1. Taking segment 429-465, which residues are hydroxyl-bearing (Ser, Thr, Tyr) and either surrounded by 15 or more Cβ atoms within 10 Å (Cβ to Cβ) or not in a helix (DSSP H, G or I) (or both)?
2. Quick one: which helices (runs of 4 or more DSSP H) lie wholly within segment 330-421 and hold at least 2 residues that are among the polar types (S, T, N, Q)?
3. Considering every residue within segment 98-114, establish whether at least one is under 13 Å from the mean Cα position of the chain (by Cα) and in a helix (DSSP H, G or I).
4. Filter segment 271-294 for residues that are among the hydrophobic types (A, V, I, L, M, F, W, C) and more than 23 Å from Leu201 (Cα to Cα) and give the result.
5. Among the residues of segment 300-317, is there at least one that is of a type in the set (Gly, Ala, Ser) and either at pLDDT below 95 or not in a helix (DSSP H, G or I) (or both)?
6. Quick one: Asp30 ticks every box in (1) part of a helix (DSSP H, G or I); (2) more than 16 Å from Trp237 (Cβ to Cβ); (3) more than 22 Å from the chain's Cα centre (by Cα) bar one, so which box is it?
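The values are calculated or read from the model by the stated rules, or taken from the named source; none is laboratory data. Source: prediction; values computed, not measured. Because the Cβ atoms are built from the backbone with ideal geometry, glycine has one as well, and the counts that use them run over all protein chains shown.
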Amino acid sequence: MKKHIPLILILLLGAVLRFYNNTLISLWHDEAFSAFMIRYPWGEMFYRLGLDVHPPMYYVFLRFWSYIFGGSMLALRGMSIFFGVASVWAGYIFVKESFKNEKAALWAAVFIAISPFQLQYVTEARMYTFGAFFAILSAYFLVRSLNLQKALHETAALNMPNLPESRDLRKKMLWSFADFTLSTIIIIYTHYYLFFTAAALGFYGLLFLFFHHKWDFKKYIPFLLSFAAIILSFLPWLKIFLFQYRQVQAGYWISKMNIWSIPSTFWDMLFDFERDIAKSSTRLLLFLVTLFSIWMLYRFLLKTESFAKWLVALAVAAPFGGALLFALLAWLKGSASSVYLDRYFLFASLFYSIALAVWLKEIKIKWLSVSLFLIYCVLNLSAFMHYWIQLDVRSKPGMGAAARYLKANVEPKHHVFVGTSFEFFNAKYYAEVLQPLPVRPLLYTGGRKYASQLSHVEGSALLTDQDLVPDFKTAANPGDTVWLVWTYAFGSQKPDTPVNWQKIVEMEYPDVRPYPGAGIFVTQYVVN
């Protein structure tokens, strides 16, 4: 038990940091999308997921999670917290298996536990920490499988068949390949950016086998069978994936990559301090951090003996290569769209933290190694506290406060309209679950009568025609009281209201999502 105390303490630290202020941030559009998606019958849930742009695995797990813990905000985000802490443990066992170094494994666990980049996304009921955990777990099982296979063949070379050790190794190897297959299937069904991680795992497996077994293709069979099963597992979803891909190409909200996209991501992986790339000083820092990251990965590869170093480097590099490929394809088609967002690199950032921890541990000058470790820990914890200070979440209650205000004032015969689809689902979640209202909110669509007329970005996968209010003029009668919820966020604005609507009062509630400073407005009208 004593030998596990350091890891237990690190896991406790990771848990405390992930619970800190977690539910003070109001639930936002993407999280409410998750919350409502899992409430449909199973068949309809999969149908509606096909209309969106993500694969289904996260929602499957979240649905089972909700059966146990319910649908409160803490319950929904609790799964992100759980897998965030589990990623700390997964990073530890991966490094211990791959580099056979207990101290490096503990250092990697610390870096993952206190990473501001990782900590930021446990405040969202989305698939990012879930996918990150299974990405590391897949890497662990792959390294373990290949190591066991190598040990098995070394034992077999002794020409002593049916040794108990051989039978035990074979059993462990087969189970590890099965676990690798299952965990990799989970990641490719969780987020499409994890395709790049799966590709890195596949390339590493081939590198390992060729380096250790050259042209002895019989020894490739277990790995190739695993990847065949992984590829075959995706065939039932392939048609939906192609539809989603075309849907994204037809119209997506993410702006194109620029020269500072990758440096900004390296900054987030390393420190995640607040940054403003409009400032020349920030650009200089981003440039220096990018140079450091490349140099660190080079030194990590140069000084580390374990062959698993190539897996870590590939898992960091592959998503960047994939993003650049997509940007090139978009450019060739004359499109300015992109699929590059910092949060999509949360999966790669775990491997970045591992590379950094192992590199620091490999520094021969012990006092320097320990000093740099401690300095980096202090910088990460400072970035974490700075993030919450700058966020000032207690003064930005957002939709949560707007919902409490509505609950205190809305009566059964009133109307509640939401002026943009990007605030509709979270307003509906509060109105139905956390702050129940006597009337259901409806979405104003500016003339569009059918949910099919809205884009996937607006949440058409979850909307029904009964959720919509195409025209304010016919939605309320003289003498009615109307509550309008709206925002300037997402490029939205306050809808035009009929001239016979008399404004009574307007309340503003600053919010954190989609970005600090966004505001939720609630305006009360009486129809004359």
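1. So the first thing to find is which residues in segment 429-465 are hydroxyl-bearing (Ser, Thr, Tyr), and the list is 429-430, 444-445, 450, 452, 455, 460, 464.
Within segment 429-465, Tyr429, Tyr430, Tyr444, Thr445, Tyr450, Ser455, Ser460, Thr464 meet the criteria.
2. Working: elements: 346-362, 366-391, 398-409.
In segment 330-421, the matching helices (runs of 4 or more DSSP H) lie at 346-362, 366-391.
3. The first filter runs over segment 98-114 and keeps only residues under 13 Å from the mean Cα position of the chain (by Cα), leaving none.
The answer is no; no qualifying residue exists.
4. Going through segment 271-294, the residues among the hydrophobic types (A, V, I, L, M, F, W, C) turn out to be 271, 273, 277-278, 284-289, 291-292, 294.
Result: Phe271, Phe273, Ile277, Ala278, Leu284, Leu285, Leu286, Phe287, Leu288, Val289, Leu291, Phe292.
5. Filtering segment 300-317 for residues of a type in the set (Gly, Ala, Ser) gives 306, 308, 313, 315, 317.
Those still in the list that are either at pLDDT below 95 or not in a helix (DSSP H, G or I) (or both) too: 306, 308.
Yes, segment 300-317 contains at least one residue that is of a type in the set (Gly, Ala, Ser) and either at pLDDT below 95 or not in a helix (DSSP H, G or I) (or both).
6. Result: Asp30 passes all but (3).
So that you can scan it fast, the table gives a plain yes or no per residue for (1) farther than 15 Å from Leu463 by Cβ; (2) touching a residue at least 12 places away in the same chain (Cβ under 8 Å); (3) not assigned by TED's automatic domain parsing to the domain that holds Thr123:
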site: Lys2; (1), (2), (3): yes, no, yes
site: Pro6; (1), (2), (3): yes, yes, yes
site: Leu12; (1), (2), (3): yes, no, yes
site: Phe19; (1), (2), (3): yes, yes, yes
site: Glu44; (1), (2), (3): no, no, no
site: Tyr47; (1), (2), (3): no, no, no
site: Asp52; (1), (2), (3): no, yes, no
site: Met57; (1), (2), (3): yes, yes, no
site: Arg63; (1), (2), (3): yes, yes, no
